[in-house]
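A short write-up of the structure that comes next.
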């Protein structure tokens, strides 16, 4: 828990620095420390990308969408979609198993036993479709559903199929989004070597687009978590308790009827 909180605090500090002090901070790091080095390693770049996807599955506050965006930049539209799909499946399966092995006690401590019971109940009924929806919609923070699928003991086969179905449109979307910047990024790399001042101007202009995307992404993740925690979870818990009470009442009536018949 302390490690998780530390990661969240670090992300807040980085985002604050990005938006308030230096708008080119994250784009510069991504381009010079991630994208350009990976572009110079044709084969190993794919394995390193898979490693980044696994890392974000373990460290949930790192948004997978930022990692997926690189696929179209590095491997074109079709190739990026394939690599993004495989990387998403690997990270999704690893995240599922981590949550399955040790996620329930943490969830009980954080949410309470009744909330976890209600989650297990609804994931057992609608989990397949929820995972598809969370994966398919690009701005939905699907990591929440990956974790929920694991600690609620959703069947691995159902989880894998649902994840695969939902990941296809997500991988295509982010590969397409990254591919839109591929040409201009190549021009930037050339400018770095020939005209550093023009390269800096390019970075400043494109940082605006990056920051808009980052703000939308961050807002969707935070907003999605808030909606899930403050609206969906209480509703699920309340409805689960009501259905549980109705079921208990029904069983009591059945017992009374059975006793009356025996008498």
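Derivation of every value follows stated rules applied to the coordinates shown; laboratory data play no part. Keep in mind that what you see is a predicted model, and the values were worked out from it rather than measured. FYI the Cβ positions are ideal-geometry reconstructions off the backbone, even for glycines, and counts take in every protein chain you see.
Take 97, 126 and order them by how many other Cβ atoms sit within 10 Å, fewest up front.
Working: 97 14, 126 11.
Ascending number of Cβ neighbours within 10 Å: 126, 97.
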By count of other Cβ within 10 Å, fewest leading, how are 176, 75, 33 ordered? 33, 176, 75
Test of understanding: what is the full-extension gain from residue 109 to residue 226, defined as 0.36 nm times their sequence separation minus their Cα-Cα distance? 40.3 nm
For the stretch 2-55, what class follows from the C-alpha gyration tensor (a ≥ b ≥ c being the square roots of its eigenvalues): rounded when a/c is under 1.5, otherwise prolate if a/b is larger than b/c, else oblate? oblate
Nearest-ten-degree value, helix 113-136 long axis tilted from longest Cα axis of the chain: 50 degrees
Full-stretch length increase - residue 44, residue 190 - with 0.36 nm per residue and alpha-carbon distance subtracted: 50.3 nm
Which value at 222 nm does the chain reach when only helices count, each DSSP H run of 4 or more adding -39,500 (n - 2.57), with the total divided by all residues and rounded to the nearest 500 deg cm²/dmol? -29000 deg cm²/dmol
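How would you rank 207-220, 82-95, highest first, on the average number of other Cβ atoms within 10 Å across their residues?
82-95, 207-220
Residue separation times 0.36 nm, minus the C-alpha to C-alpha distance between residue 97 and residue 129: what's the value?
Length difference between fully extended and current span is 9.6 nm.
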